[in-house]
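K.L.:
Sharing a structure with you now.
Any read-out appearing in this document is the output of simple, stated calculations on the displayed coordinates, not a laboratory observation. Everything numeric here is computed off the predicted structure, so don't read it as measured data. Quick reminder, even Gly has a Cβ in these numbers, built from the backbone with ideal geometry, and neighbours come from all protein chains shown.
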Amino acid sequence: MSAKPITENTVKHFLQFKDFTRAEYEHLFERTRFIKQKFKAYQQYWPLQDRTLVMIFEKASTRTRLSFEAGMQQLGGSAIYLNTRDSQLGRGEPVEDAGQVISRMSDLVMIRTFEQSIIERFASHSRVPVINGLTNEYHPCQILADIYTYIEQRGSIQGKTVAWIGDSNNMCNTWLQAAEILDFNVHVSTPPGYEVEAERAGLFGADHYEEFADPMEAARGADLVTTDVWTSMGFEAENEERLKDFADWQVDADMMRIAAKDALFMHCLPAHRGEEVSAEVIDGPQSVVWDEAENRLHVQKALMEYLLLGKVV
Ligand code: CP
Ligand code: NVA
């Protein structure tokens, strides 16, 4: 007889942005400020001493691995890296069995994988919280960092307009979920054939986003302009076609000029200068991509603290 799955009520996961409420995000942002300050002042903060994070990667990563591994160490715990290539995960062990076993030996699991259904199956058999470190559908840790970065630079994001230019990928879907939870608007412009799929994005409705055929119109007056690679991991076979289809969806200086005067530019990285963004923009004065990348570390430390210790005040 197979083991009974862990029910949703027994453990809290972060599998997509809408898993948390606005109040929970407010708490996370407050804790991020505290944790970041401690880090900057070289003050030890070890609330997760003796806790172990397991990080499972089925796709490549620089920022996600580094920020989770460094973050867990900085909180007093330790992190173990597993990948598909040299674990049984790549040899067909059922995800459900992996969830049972890995969660009996650790306190927290982060997974980067392909379909969202994989992480959901793992989580439903995990005794410990599971964090989405990117799936084909969502990238909630990145949007957590992006919104924290916006707040740090400009204050509340409520009521603001974010222009999403390019592919309706995992980043786009997560921005759309975040807009519903935190009450801002997203202006989306994708090439024909790459439009938002509301069901896949996991949206409650269509109140918080608008689609534009012309990327310049999407960017007009926006408070934040953001984009991502034209070809996400797992879709490499479409690369040649996408290079042609997305050619008019580059964020360039003209697009930043049509946005609000104090608009920011963000990109989750890695970026391809000359494709989705011009070098002038990503390396220019409106770009906050380095703060955005650094903030992965701080927001995820707050997230791990919350998932393991609850609301620390
Ligand atoms: N932005 C992001 O998730 O980067 P990595 O793929 O390097 O982890
Ligand atoms: N959309 C990109 C994000 C990489 C961090 C991808 O999934 O490859």
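K.L.:
Could you list R65, R112, R91, R22 so that the one with the fewest beta carbons within 10 Å of its beta carbon is first and the one with the most is last?
P.N.:
Ascending number of Cβ neighbours within 10 Å: R91, R22, R65, R112.
K.L.:
Say the cut-off is 30 Å between C-alpha atoms; which of K244/K301; K18/K301; K18/K244; K12/K261; K261/K301; K36/K59 go over it?
P.N.:
Listed pairs above 30 Å: K244/K301; K18/K244; K12/K261; K261/K301.
K.L.:
Another question, then. Simple spin-label model, 7 Å along Cα-to-Cβ: R91 to E294 in nm?
P.N.:
Label at R91, label at E294, 4.3 nm between them.
K.L.:
Separate question: Roughly speaking, what is the stretch gain from F204 to Q37, that is 0.36 nm per residue apart minus the C-alpha to C-alpha distance, in nm to one decimal?
P.N.:
56.6 nm
K.L.:
Please give, to one decimal in nm, the separation of the simple spin-label points placed at M105 and F235, each 7 Å out from Cα toward the Cβ.
P.N.:
3.5
K.L.:
Which aspartates and glutamates have a Cα lying under 15 Å from the Cα of K311, excluding residues fewer than 8 positions away in the same chain?
P.N.:
Partners within reach: E24, E26, E30.
K.L.:
Viscosity 1.306 mPa s, temperature 10 °C: what is the translational diffusion coefficient of the stretch 52-142 from Stokes-Einstein with a Kirkwood Rh over Cα pairs, rounded to a whole number of µm²/s?
P.N.:
The Stokes-Einstein estimate is 122 µm²/s.
K.L.:
Taking only Cα atoms and a 10 Å spring cutoff, compute GNM fluctuations for the chain and point out the largest among L264, L82, L303.
P.N.:
L82
K.L.:
Okay, next question. 5 Å is the cut-off here: which amide hydrogens, built 1.01 Å from N in the peptide plane, fall below it relative to A79, excluding neighbours closer than 5 in sequence?
P.N.:
L53
K.L.:
List the equivalent ellipsoid semi-axes of the chain in whole Å, largest first, each obtained as the square root of 5λ for an eigenvalue λ of the Cα gyration tensor.
P.N.:
On the way: eigenvalues 201, 103, 63 Å².
After diagonalising the Cα gyration tensor, the semi-axes are 32, 23, 18 Å.
K.L.:
Something else about it: Treating the beta-carbon of each Lys and Arg as +1 and of each Asp and Glu as -1, no other charges, what is the dipole magnitude of the stretch 87-219 about its Cα centre, to the nearest 20 debye?
P.N.:
Once rounded to the nearest 20, the dipole reads 640 debye.
K.L.:
Among T84, T161, T226, which one shows the highest mean-square fluctuation when the chain is modelled as a Gaussian network with alpha-carbon springs under 10 Å?
P.N.:
The residue with the greatest mean-square fluctuation here is T84.
K.L.:
Another question, if that's okay. Work out the length of the dipole vector of the chain about its Cα centre, built from +1 on the beta-carbon of each Lys and Arg and -1 on the beta-carbon of each Asp and Glu, and round it to the nearest 20 debye.
P.N.:
Roughly 1660 debye, rounded to the nearest 20.
K.L.:
Also: Whole Å is fine, so just give me how far the alpha carbon centre of the stretch 203-275 lies from that of the stretch 65-86.
P.N.:
Cα centroid to Cα centroid, the span is 31 Å.
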